[in-house]
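Quick one: structure below, then a few questions.
Here, each number is a calculation from the coordinates, and none is a lab measurement. Source: prediction; values computed, not measured. Backbone-built Cβ (ideal geometry, glycine too); neighbour counts: all protein chains shown.
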Amino acid sequence: MQHTGNDRRTLWLLAGLAAGVALSYLWPVETAQAVATDREERFAIMTCDTGLGQPESVFVLDFLTGRLAGATLNQQTGTFTNFFYRVVAGDFGLDPASKPKYVIMAGRADLTSGRGASTGASVLYIGELISGKVIAYRYPVRISRTPLPPVAIEPLDQFTFREAIAE
């Protein structure tokens, strides 16, 4: 029995398809991650990566009070179980009468935890225009099915991107 050109093409097509399926099955999978930030005149809200296999955490920065608050949903219960807070206004060394101008975003850091607590996979970067500073913050994460008491968000490091503005 002699094979025609169409039979050979079909055979090569099927062989290529089988090889592609096998390769895609064996190839390491990397999930896509997206963080989101939105802002309004008086506050900003953002999400950030908490850690491998964990839901994202959400943080809100109130521009009027300088209060940063956050929470993480528990995957099994669908309720917020981790809570975070910090008043960041004092970290920038501003006059209490000034009107701070904040920006906030998350960045992946994968910091070592230390001191027995797990640290979120991301850090929060908050910049403030009047002080000319950017401060990185980290937050501890514990897995729990029940709500835990709020824990403080910790400043990690900072740098100055410009001289402070006198108001």
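With a point put 7 Å past each Cα toward its Cβ, work out how far Ala152 is from Tyr85 in nm, to one decimal.
Each label point is offset 7 Å from its Cα along the Cβ direction, giving 1.3 nm.
Between Ser118 and Leu52, what length comes free when the chain is fully extended (0.36 nm per residue of separation minus the Cα-Cα distance, one decimal in nm)?
Here the segment from Ser118 to Leu52 would lengthen by 22.6 nm.
Determine the relative contact order of segment 37-160: mean sequence separation of Cα pairs under 8 Å and six or more apart, normalised by residue count, in whole percent.
Values: 278 pairs, mean separation 26.9, N = 124.
Here the relative contact order equals 22 percent.
What FRET efficiency comes out for the pair Gln75/Phe161, r = Cβ-Cβ distance, R0 = 22 Å, nearest 0.05? Working shown, then result.
Numbers: r = 37 Å, r/R0 = 1.70.
Computed FRET efficiency for Gln75 and Phe161: 0.05.
Let me ask another. Within a 10 angstrom radius of the beta carbon, how do Met46, Met105 rank from fewest other beta carbons to most?
Working: Met46 21, Met105 16.
If I rank by nearby Cβ atoms, fewest first, I get Met105, Met46.
State the percent of C-alpha pairs, over all pairs in segment 37-160, separated by a distance greater than 22 angstrom. Before the final figure, lay out each step's value.
Numbers: 2472 of 7626 pairs.
Cα-Cα pairs of segment 37-160 separated by over 22 Å account for 32 percent.
At Val60 and Arg42, where each label point lies 7 Å from the Cα along Cα→Cβ, what is the point-to-point distance in nanometres?
Label at Val60, label at Arg42, 1.2 nm between them.
Further question on the same structure: How would you rank 76-84, 127-135, 156-164, highest first, on the average number of other Cβ atoms within 10 Å across their residues? Provide the component values of the computation, followed by the final result.
Working: 76-84: 15.2, 127-135: 18.7, 156-164: 11.8.
Ranked from most to least packed, the peptides come out as 127-135, 76-84, 156-164.
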